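Some notes on the structure that comes next.
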Amino acid sequence: MEDCLAKKMEITVSEAEKRTGRNAMNMQETYTAYLIETRSVESQSEGQCVPVDSLWRRYSEFELLRNYLSVTYPHIVVPPLPEKRADFVWHKLSADNMDPDFVERRRIGLENFLLRVASHPVLCQDKIFYSFLTQEGGWKEMVNETGFQLKADSRLKALNATFRVKNPDKRFTELKHYSDELQCVISHLLRVRARVADRLYGVYKVHGNYGRVFSEWSAIEKEMGDGLQSAGHHMDVYAASIDDILEEEEHYADQLKEYLFYAEALRAVCRKHELMQYDLEMAAQDLTSKKQQCEELATGTVRTFSLKGMTSKLFGQETPEQREAKIKVLEEQIQEGEEQLKSKNLEGRDFVKSAWADIERFKEQKNHDLKEALISYAVMQISMCKKGIQVWTNAKECFSKM
């Protein structure tokens, strides 16, 4: 971790800007660009005045970077991007992805994504990630030259592997189930929080009516007028405070959403393992089949029904020379198959070792982050209740002086 990029470079996504341009279809579109600023930490520690390097990136470029990382490092739980469109919103929040509040939360999420990658012991060393942060032009061409799209497995193949793997690894099966459960629990938690926010907003704003009523009442009371007017002011302050409270709450909601999306990153690692296991089993099955064919040709016996066996009976047996030629081809294919199977076995063992090491790293990070987020949320709620108590204490004093 001492060598990670986050220790050597300050990385911020400092601002967002709404822009208009033309897309690949030459149609006008409106999009948001984000300013990434980087500065060397090492030069600063030496007392030098270090200029800030900056460049603009679109959300789609962040998506391209993450897709590249996911394909290039299939054994790693790649940090997720913030949501592209608002989800789990309550009525006061806009679901428009151009809404300034949503864009600001996404800016923070994109910065967090970059810091996650820069802090990862493997991902931080990727040259293309470094280029994404520091190179204005030609970055997409560098990504495309890697051919990462050709390495990406199709969804159909992944689905095929899921249902046809005969000997799945129990640990990855359990991890896949856990990621499903994690996503379900956090989704439910976010829905509950949105409903609570809706109701809390309404309750606080209704308190503003106290202010209006007390103010009207104070106009007809000589002795009690000042006390009622002051109490009404405290009620107005109480009603207005909910806007800042719920804005702060969105920060904690976004922290939970990150792990909602991390669940999909966990499943991606499981799917990659399923594909490798499926390819391994298919290679082993093909090798067994070729060995059986070779044995049948060598002994002249056919153990199982085949079209080739029926053809031999109908049109006569092959000549010894033809049989020898076929045996020779099969023996070469068997040798290649054995080497391929050995290579796939080795690749599979390396994948499991690397993946499980990263999954353990992720678990530690998750436990720490969620614990901190939930504690901070509880502290915020306690603070909110204390402010409410103070408002009502002030109102009580106003009533006592009447």
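The values are calculated or read from the model by the stated rules, or taken from the named source; none is laboratory data. None of the values given here were measured: they were computed from a predicted structure. FYI the Cβ positions are ideal-geometry reconstructions off the backbone, even for glycines, and counts take in every protein chain you see. Note: areas computed on protein heavy atoms with side chains; ligands, DNA, RNA excluded. Shrake-Rupley method; radii C 1.70, N 1.55, O 1.52, S 1.80 Å.
Things worth noting here:
- The GNM of the chain, with springs linking C-alpha atoms under 10 angstrom apart, assigns the highest mean-square fluctuation among E336, E258, E347 to E336.
- Computed packing ranks the peptides 263-275, 387-399 as 263-275, 387-399, most packed first, by mean other Cβ atoms within 10 Å.
- Efficiency of FRET between N209 and V379 - r from beta-carbon atoms, R0 41 angstrom, step 0.05: 0.85
- When all protein chains stay in place and ligands, DNA and RNA are ignored, the 1.4 Å accessible-area order of T72, T173, T38, largest first, is T173, T72, T38.
- With the highest mean first, a sort of the peptides 195-202, 117-124 on other beta-carbon atoms found within 10 angstrom per residue produces 117-124, 195-202.
- Over the range 230-276, the ratio between the Cα radius of gyration and 2.2 N^0.38 Å evaluates to 2.22.
- Ignoring lysines fewer than eight residues from K151 along the same chain, the ones with Cα atoms less than 27 angstrom from its Cα are K84, K127, K140, K166, K170, K176, K272, K342, K344, K353.
- Length released on extending from N367 to T32, taking residue separation times 0.36 nm less the Cα-Cα span: 117.3 nm
- Overall, the accessible surface of the chain at a probe of 1.4 angstrom is composed of carbon and sulfur to the extent of 53 percent.
- Between E324 and R39, the distance separating the two model label sites (each 7 Å from Cα on the Cα→Cβ line) works out to 8.0 nm.
- Helical runs assigned H by DSSP (4 residues or longer) give the chain a calculated mean residue ellipticity at 222 nm of -25000 deg cm²/dmol, each run adding -39500 (n - 2.57) before division by the residue total.
- Centroid-to-centroid separation of the range 279-297 and the range 321-398 [C-alpha atoms, Å]: 35 Å
- Accessible surface, the chain, averaged per residue in Å² (probe 1.4 Å): 60 Å²
- Just checking the listed ones, L346, L280, L65: in the Gaussian network model of the chain with Cα springs under 10 Å, the one fluctuating most is L346.
- Only Cα pairs under 8 Å and 6+ residues apart enter the sum, and on that basis the relative contact order of the chain stands at 18 percent.
- Eligible aspartates and glutamates near K290 by straight Cα distance, threshold 13 Å, same-chain separation 8 or greater: E331, E332, E336, E338
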